[in-house]
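Visitor: Take a look at the following structure, please.
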Amino acid sequence: MSSDAPKLIIDSDWKSQAQAEKQRLEQQAASKKPAAGAMGGAMAGAMAGAAAGAEGEEGPVELSILHLVEMLSMQALSYMGALPDPRTGQAMISLEYAKLHIDLLGILEEKTKGNLNEEEAKAVQGTVSELRMHFVTVQQAVAKAVAEGRIKPQQAGVGGMGGGMGAGPKGPTLVGG
């Protein structure tokens, strides 16, 4: 084995994160009100549809494209500070990772064109569009906050996977952006 081999890092906390997400989706379905927050209609609708499908009471649930759209959009939103880090409870911003997940959704939209039903196509297109608009808004807000000295850029890797921006007692700190 050469010394150039990549080192495998296993995140043992993923099970607790998945369980927390499952509980959140159950609460959301129980209240019959999807938490849209900073999201618009198409993205919230796609996520609500995927969440409802994920909670089948009759046994295993057949996964759909909406589940993939939900997963990638939740990751993008997480890296844009819309969702707190489950370990720290603080919002994190890593524009590089948010852009990566949005770009993956864009690829999904492009490669599935003509192969989705109308509901799925609208969900993918609407989600990608809304995430891109939200990304621009967050990017501008971060640039303004850095220029005003309200947040301080840090080295990548400090905030975990490529860094992030945590909201601490003295305000958020940008990492890797």
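Visitor: Hey, can you tell me all the residues within the stretch 109-157 that are exposed (fewer than 14 other Cβ atoms within 10 Å of the Cβ), more than 16 Å from the chain's Cα centre (by Cα) and of a type in the set (S, T, N, Q)?
Guide: Scanning the stretch 109-157 gives N115, N117, Q140, Q155.
Visitor: Pick from the stretch 101-128 the residues that are without any contact (Cβ under 8 Å) to a residue 24 or more places away in the chain and aliphatic (A, V, I, L, M): which of them is nearest to S64 (Cα to Cα)?
Guide: A121
Visitor: Go through the stretch 94-110 and give me each residue that's of a type outside the set (D, E, K, R) and closer than 10 Å to V124 by Cα. Give the steps one after another, and end with the answer.
Guide: Pass one, the stretch 94-110, residues of a type outside the set (D, E, K, R): 94-95, 97-98, 100-102, 104-108.
Result: L105, G106, L108.
Visitor: Name the helices (runs of 4 or more DSSP H) wholly inside the stretch 34-141 in which the number of residues that are at pLDDT 90 or above and not polar (S, T, N, Q) is 1 or more. Spell out how you get there, then give the answer.
Guide: On the way: elements: 41-53, 65-79, 95-111.
Ranges flagged: 65-79, 95-111.
Visitor: Moving on. Six or more apart or on different chains, Cβ atoms under 6 Å: show the pairs whose first residue is in the stretch 61-81 and under 13 Å from E109 (Cβ atoms) and in contact (Cβ under 8 Å) with a residue 24 or more places away in the chain and whose second is surrounded by 18 or more Cβ atoms within 10 Å (Cβ to Cβ) and polar (S, T, N, Q).
Guide: V69/T127; S73/T127
Visitor: In the stretch 142-154, what residues are touching a strand residue (DSSP E or B) at 6+ places or on another chain (Cβ under 9 Å) and in a helix (DSSP H, G or I)? So that I can check it myself, show each step before the final result.
Guide: Just the residues of the stretch 142-154 that are touching a strand residue (DSSP E or B) at 6+ places or on another chain (Cβ under 9 Å), to begin with: 142, 145, 150-154.
Of everything in the stretch 142-154, those that are touching a strand residue (DSSP E or B) at 6+ places or on another chain (Cβ under 9 Å) and in a helix (DSSP H, G or I) turn out to be V142, A145.
The values are calculated or read from the model by the stated rules, or taken from the named source; none is laboratory data. Computed from a prediction, not measured in an experiment: that's the story for all the values here. All Cβ positions, even for glycine, are placed from backbone atoms using ideal geometry, and neighbour counts span all protein chains on display.
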